Each structure stands twice: as C-alpha cells, then as structure tokens.
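Participant: Before I ask anything, here is the structure I am working with.
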Amino acid sequence: MVYHSYLTVAVPALVAFVVTVVGTLFIKSYMRDAGVTAIDHNKKGRPVLASGGGVAVAFGFTVGILTYVFGSSFSFYAPASSLTYLFATVIAVSLISFVGFIDDINVKREMVKTTDMMDTRKGLKQWQKPLLTLIGAIPLMAVNAGVSVVNIPLLGAVNFGLFYPLIIIPLAVIFASNAFNLLGGFDGIATGTGLIAAAALLLYSLIYGTYIGSIMSGVLFATLLAFFFFNVYPASIIPGDSYTYAVGTALVTIMILGSAEAFGLIIFMPWIIEFLLHLKKKFHTTDLGKLNKDGTFTAPYGKRISSWTHLIMNSRPMKEWQVSATMWGIEIAFVALAFAMKALRLA
C-alpha cells in the first residue's frame, strides 16, 4: 500500500475511535438512567452496571466506515474499495447490533433464572437468537459479497458457486455472531479477544494487500480499542449482546470481503471450540465461576468443562483479570498459528 492509502485507513479509524469514546460515555450514563443494566456477578456485593455498550461500538464502526465513504464520494481521494460492499457491511452490523440490543433491554424488575443463575436480565430465548441474527446476513447476500473460490486449510481452493452467497454467508454470519456471544462473563474477555482478532485481520490485510479488509479491520480495531478501556477490569460498562453480535458479524464480514476465510477460520477457532463445549450442555451453561473469599474463582461445574473459562479456572486459582488475560493469550496463540500456516502456504 502507498502512503496515500494508509491515510485512507488511518483517518476513518481515528474518527471511529473518538466517536466510540464519546458514544460509550453517553451510553453508559443513558442506559443506567433507563434501567438497562446487568449484575456483575464477579464482584463482591454484585454491583449493577449499565449494559448495552455494544450500541456505541456499532455506532463508532458505522461512522468510521462512512468517513471513508464520505471522502471517496467527495473526491478527496480516488475510491479504492467497493462502496457497495461497505454499505452492505454497515447495514449488516447495524441490523444485528439492533437484534442484540433487543436482547440487552429485556431486563426484569425481579430476579429471574437464566443460564444456571439468577439475574435481572433475561434476554432472548435460545431458539430466537439464530433466527434473528439471520437478518444480518441479508445485506451481504443481496450484494453477492465475497468470492466463491475459498482456500480451505489443508484442502486448497474450493469453488462453492452460488452456494457461497446463498448458503455459506448466512450460515457464517449466524454462527459467528452467536459463537462470539458465548465467550464472555469476565471483564475484558470479549473485548480483549475481539480486539486481538481485529488486529490480526488488520495485519493480515496490510501484509497481503486486501484493501477493503484493511479499511474495515482498521476501523473495527480502533473501535474495539476505544471500548476496551471501558470494559477492561474493573469494567464500568457491560458490552451486552449488542456488542457480541455486532463484533462477530464484523469479523466474519472482514474475512469474507477481505478474502481471509482460511486465515479467519484459524483465528476464530477459540469461539468454534467454545461453541462445541457449550453444545455438550445444549447451551444451558455459564462461563462464570464461583467467587472465593480471596478474590479467585473456581469452575462452576468442578472438573466438567463446558467453556474455555472452566478450563482456565481449573488450571489454578485465578482472579478475574487473570482469567481474561489467559484467554487473550490463547487467542494470540491461534493468531500466531494462523500466520505460521499462511507463511507455510497452508492457509
């Protein structure tokens, strides 16, 4: 990429960062006043925090992408990326974040049982989530996003034809958004792993020259970095499903439009494994642990593993920030594996 092209990535990313910071400050205050809150089960006294922070993330990402579109439309630079694909991405992320927001605002006045614990936040029913997240795939299907020839690790190039936009893309969006939603519960665990995945896709795009991937991953990275400061331990706001659905969709869209499907499959492996672990208990499980007097956590089901967090907590007594940091390390390991396989031309 030339110097001029780097600026067309950096400027939208900077705008996205600033907008996300301002948006998160507003959302944090607004949601608390509106009663859109959730209980932080990992702290003594179980404080109540504002939820639905993903609205600020989706808004920041949208404004960042539209900043690039604005510059392109008014000829500040020659458009080097498909505006159709970018608009489809913005619509997809916005729609699916709205679905997550519906989940976030389902807060009850009294405690209700949800995923093996009592909370005020009930959320959508399990069967409703994959059905509603299909909405996020429609814009990408409509513009026939991506390339039907996909390099699959160890198999090589496979041409999926019409199955790619009509079958693979909706399945990928549904799976990515819902799988990303499964791994959370600790301050910074979802924001940190998402930030690492976005950074990996940005680096991949810059090295291997997928310009649309660079724009989208650069904006997503800046957006998640801004929100990370509010959600890292001790968090002042809970991301909510509006965050996890939006980020999962943004990541898989970058993989599709940036021709990084094989690379993305590897870096997304922690969430694939999390999905399989949750599947064992038919998704009736919690990632949270049991808080001990010394501030450490023990796994909720003993030696039975239904989540990465259970495995981490069973390895040794850990405090909340250590559980999150360990999960970040696991994601970094998969990113390193993905780059190694790319270097060896296996991905």
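Participant: Could you list all residues from segment 56-68 that are modelled with pLDDT of 95 or more and either closer than 16 Å to residue 99 by Cβ or of a type outside the set (A, V, I, L, M) (or both)?
Facilitator: Answer for segment 56-68, where residues must be modelled with pLDDT of 95 or more and either closer than 16 Å to residue 99 by Cβ or of a type outside the set (A, V, I, L, M) (or both): 57, 58, 59, 60, 61, 62, 64.
Participant: Testing residue 78 on (1) aliphatic (A, V, I, L, M); (2) modelled with pLDDT under 75; (3) crowded, with 16+ Cβ neighbours inside 10 Å; (4) not in a strand (DSSP E or B), one condition comes back false. Which one is that?
Facilitator: Evaluating residue 78 over (1) aliphatic (A, V, I, L, M); (2) modelled with pLDDT under 75; (3) crowded, with 16+ Cβ neighbours inside 10 Å; (4) not in a strand (DSSP E or B) leaves (3) as the failure.
Participant: Would you point out which residue out of 193, 249, 253 is touching an Asp or Glu at 6+ places or on another chain (Cβ under 9 Å) and part of a helix (DSSP H, G or I)?
Facilitator: 193
Participant: Go through segment 289-324 and give me each residue that's without any contact (Cβ under 8 Å) to a residue 40 or more places away in the chain, closer than 20 Å to residue 191 by Cβ and either under 21 Å from the mean Cα position of the chain (by Cα) or in a helix (DSSP H, G or I) (or both).
Facilitator: Within segment 289-324, 312, 313, 322 meet the criteria.
Participant: List the pairs whose first member sits in segment 179-193 and is of a type outside the set (Val, Ile, Thr), whose second member is assigned to a loop (DSSP other than H, G, I, E, B), and whose Cβ atoms are under 6 Å apart, counting only residues at least 6 apart or on separate chains?
Facilitator: Final answer for the pair search is 185/287; 185/288; 187/233; 187/235; 188/232; 188/233; 190/184; 190/239.
Participant: Any idea which of 263, 221, 227 is at pLDDT below 95, assigned to a helix (DSSP H, G or I) and of a type in the set (Phe, Trp, Tyr)?
Facilitator: It is 263.
Participant: For residue 25, indicate whether it is surrounded by 14 or more Cβ atoms within 10 Å (Cβ to Cβ), assigned to a helix (DSSP H, G or I) and out of contact with any Gly (no Cβ under 9 Å at 6 or more places or on another chain).
Facilitator: yes
Participant: Please state which of the following conditions residue 35 fails to meet, knowing it meets all the rest: (1) buried (at least 17 other Cβ atoms within 10 Å of the Cβ); (2) at pLDDT below 95.
Facilitator: Condition (1) is where residue 35 drops out.
Participant: Might you let me know whether segment 232-239 holds any residue that is buried (at least 21 other Cβ atoms within 10 Å of the Cβ) and in a helix (DSSP H, G or I)?
Facilitator: The answer is no, given that none of the residues of segment 232-239 is buried (at least 21 other Cβ atoms within 10 Å of the Cβ) and in a helix (DSSP H, G or I).
The values are calculated or read from the model by the stated rules, or taken from the named source; none is laboratory data. Note that this is a predicted model, so its numbers are computed, not measured. Note: ideal-geometry Cβ built from the backbone for every residue, glycine included; neighbour counts use all protein chains shown.
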